[in-house]
1. Which of A:152, A:103, B:270 sits closest to the plus end of the dipole of the protein assembly as shown, meaning its Cα is farthest towards the positive end, when Lys and Arg get +1 and Asp and Glu get -1 on the C-beta?
2. Return the long-range amide H neighbours of residue A:209 (sequence gap of 5 or more, or a different chain), with a cut-off of under 5 Å between placed amide H atoms.
3. Give the average, rounded to an integer, of partner chain Cβ atoms located within 10 angstrom of each Cβ in A:497-507.
4. What FRET efficiency do you get for residue A:103 and residue A:54 if R0 is 25 Å and r is their Cβ-Cβ distance, rounded to the nearest 0.05?
5. Which Cα, out of A:235, A:223, A:259, lies furthest along the positive dipole direction of the stretch A:219-306 (beta carbon charges, K/R +1, D/E -1)?
6. Under a point spin-label approximation (7 Å from Cα along Cα-to-Cβ), what is the residue A:92-residue B:293 distance to one decimal in nm?
7. Would you work out which of A:475, A:494, A:31 lies farthest towards the positive end of the dipole of the protein assembly as shown? Charges go on Cβ: Lys and Arg +1, Asp and Glu -1.
8. Rounded to the nearest 20 debye, what is the charge dipole size of the stretch B:174-310 about its Cα centre when +1 sits on each Lys and Arg Cβ and -1 on each Asp and Glu Cβ?
2 protein chains.
Amino acid sequence: MNHSAKMAQALRLLLAFLAIGSCIASDNIDLWPMPKTVSHGTQKLYIKKDITMSMVGSTYSDEKSILKDAFQRMVDLITLNHVIDGINPTSMVLTCVNVVVHTPDDELNFGADESYNLTVPTTGDPLYAQIEAQTVFGALHGLQTFGQLCYFDFTSRLIELNSAPWIITDTPRFPYRGLLIDTARHYLPVKIIKGVIDAMTYSKLNVLHWHIVDEQSFPIEIPSYPKLWNGSYSYSERYTMSDAIDIVRYAERRGVNVLAEIDVPGHARSWGVGYPSLWPSDSCREPLDVSKNFTFEVIDGILSDFSKVFKFKFAHLGGDEVNTSCWTTTPHIEGWLNNNHMNVSDAYRDFVLRSQKIAISHGYDIINWEETFNNFGDKLDHKTVVHNWLGEDVAPKVVAAGLRCIVSNQDKWYLDHLDASWEGFYMNEPLKGINDTKQQQLVIGGEVCMWGEEIDASDIEQTIWPRAAAAAERLWTPAEKLANDTRLVTSRLARFRCLLNQRGVAAAPLAGYGRASPAEPGPCVRQ
Amino acid sequence: MNHSAKMAQALRLLLAFLAIGSCIASDNIDLWPMPKTVSHGTQKLYIKKDITMSMVGSTYSDEKSILKDAFQRMVDLITLNHVIDGINPTSMVLTCVNVVVHTPDDELNFGADESYNLTVPTTGDPLYAQIEAQTVFGALHGLQTFGQLCYFDFTSRLIELNSAPWIITDTPRFPYRGLLIDTARHYLPVKIIKGVIDAMTYSKLNVLHWHIVDEQSFPIEIPSYPKLWNGSYSYSERYTMSDAIDIVRYAERRGVNVLAEIDVPGHARSWGVGYPSLWPSDSCREPLDVSKNFTFEVIDGILSDFSKVFKFKFAHLGGDEVNTSCWTTTPHIEGWLNNNHMNVSDAYRDFVLRSQKIAISHGYDIINWEETFNNFGDKLDHKTVVHNWLGEDVAPKVVAAGLRCIVSNQDKWYLDHLDASWEGFYMNEPLKGINDTKQQQLVIGGEVCMWGEEIDASDIEQTIWPRAAAAAERLWTPAEKLANDTRLVTSRLARFRCLLNQRGVAAAPLAGYGRASPAEPGPCVRQ
């Protein structure tokens, strides 16, 4: 950005500020999650029917059409439910969104700058909104925010935008804002997964944690060990590597990284359907056989194949809920333990550490569930991110030990807990009990978890939404702008859930726990 | 169809029959609803990646692109979930679907010929499937059936089709196969309504009964009386007339008619929000004021506006659950009754008959809920179709009286009854107790009803599906091919519900009542 462009932009911002008559901070602002700063005026604008996007001033070329496609999706969303058949007025018409992206890169790296500024002025000829961002992924968030400002007006029969001019500056509080899906307990068709990704972008979540495999099924193709997906539920309940690439690409183009997990050694019984020697024995099938090199060769093959598909900085290696009794009751493993002078705790630790090394050799940083930290935290590779789930007191210990942490305490952020309320999702604070600023920075974010034992394609959407959106604001919005009392955000979240419904996402009513159905007839916002 | 074309077709059918080695009637045929006749062989075909459609031999021009768009939707569905990256083989590749439509008309009239023949041969160069139908709407059903034969193969990485050659002849048992949605108890966004329509076509339902308005809300625009939609739940929970036209067009292009209902005089309290004089009094607001001409002027205005949008042969005028106490407790109505020497029963009858006359004047045949028949059946216009809902014994009486009937007995076919099982939906027989062939023909079909008191956009799909599909087979498939024991169709319906899931429809598991969630981890077909 050269000097005169900077001057022009500063002038533009100043003019927009001056144009705001009565600027109120967060009065009935229908945005979710709430941006860092918002100011607005009182004027109504019309959105031109064939509103266009320009990129004047960008150093980003959009070769892959990431931005152009996102703009079209935004236009499709705001025009989805009503026929726009009003007559374009001659003034106060927003004709264009100019998007200025300051870096040419389009790789979705962890920690990439996701900030953006959005201005919607009331003066100018032609009148155009501007989104300015360091990266295209910041610009995508800006388009989401812009889309939430637009609505169909039943008098003009046009898309309108109220309370202009708008000046919004925004940046996420945490770089990791995740949602877990589980395709091992119930297979999820790719169409459903893509729907989850779309909805994530509406509340600015940015990591899809794909718990692909578990003891019940192994639905994904692993070219290095092609019998592994013999452990799928059925012939059709599978993902090819090309499907995985398709999902990753779909997500990345929307600013969402995909975190792939293999949960070893505990949650892996399905691996042995194709390769029975991975089981301790035919009668004792979990955890994976720690005594065989083949076990680690398979892990290496999987992570090697993963590294060609899942380009996120992290791989998740699980490591939770390891019941080692099969290791001590299986003679050849017991013998191996004795020969190596190890007890089962040692073997569990060595399994996890050896797996970590394999993942690192393929270029990954590692995420492990918190049991690994609780049992042998000081042995974990320093690249480890500890993924909390059991309670809310482990994060302070993790960051005090100098490791990074993701917060997912099950009492508040497990979506399969149908008695967990949206208020609990909203109020769950990842930095609770962590006062040191440097330690706070080690909490890279949080994640809500949609475990699949009792959900499938038929009810995943309303089990995720709107509760995941409540957590999304906690993870996005600056701490000082978060409500201390959920009653202050109830109506805004209710409107956001109605917006999700309008976009075809089956978000459940706020009233009642989990995925409650509406109790009686009434308007959407009162459910 | 000229003579040589007929000869060629007969020869084609004969050759296809001869090519079938072992022809078994209904062994593991993954089609829902089951066609009238099905025969097939044992050979596998590949679907060419860029399979095309031709219309050689058609007298139908597809000016509105109804067929072309339907073909593209079918291709999109069969390629939705997996990347097709296999290499096209050189033989046994189906390159084209030739669709022969014998009538040029593209109006979706009630009782239009929906039959089709589908042949998928194993010989020919090029190899192509053929759908033959009298109308484009029959051809659409043929495309649905063809789409159900196709699946992604994980070895070839192509779309395949098993058990060829196929010869299918098909025609619906009933001309009216309906599903009711209710936008008055909870508003449904247009996006959601279109999703319901899409899913209806997968099981060959063909009437969307739109219960638009009720006592709780009046969401639709009526240009003749523009204050009526003041009774909507909120400013945004509304449909413009253009939206209604859009919905009707969307449905008709998919072979689905839209039946619009105003439920008078009982379920109409919301009308008075915009026009309070429609209420008997401010404190007694239902039924509509029978004593005022204005009431009937408004009904005339609504039906006049409807007639420009809803082109289906029928309008539904409701007429159920009329509690007339407001008429006797409101002095000016009581006076009017006395002056006209009527009691409330007379007034209820006159209200219904007068409304019928208005609807007929706008070109409609009428559908009324069964209370009108139960109370004054001999007075109803002979164009009346009586819509059963209370019990299962009224249909025989209706047809014995020479009127037409639609069956929706609530104990079996009300989707809001969560204790109504899919088995009950499947076994509910519309012709029960009707033995006379001519009387049987007066039962034009049946309808499953998704009343909206306790459902909204968040749970409508899994409350409708798969139970509505169970009823759809009852309404489509010839009586002699229907199972007498639902255990014979359980696995086929389970596969169809998994297909719905794959297509993004949140159809619930079969196990458990209503919209149960899956009880435990497992394959889709075992839920």
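1. Projecting each Cα onto the dipole axis, the largest value belongs to A:103.
2. Counting only residues 5 or more places away or on other chains, the set is A:179, A:180, A:181, A:259.
3. Across A:497-507, the average partner-chain Cβ count within 10 Å equals 5.
4. Using R0 = 25 Å, I get an efficiency of 0.90.
5. A:235
6. In this crude label model, residue A:92 to residue B:293 measures out at 4.2 nm.
7. Towards the positive end, the residue furthest out is A:31.
8. 520
The values are calculated or read from the model by the stated rules, or taken from the named source; none is laboratory data. The structure displayed is predicted, hence computed values, not measured ones. Cβ atoms come from the backbone with ideal geometry, glycine included; neighbour counts cover every protein chain shown. Just so you know, the surface numbers come from the protein's heavy atoms only, side chains and all, with ligands and any DNA or RNA stripped out. Shrake-Rupley method; radii C 1.70, N 1.55, O 1.52, S 1.80 Å.
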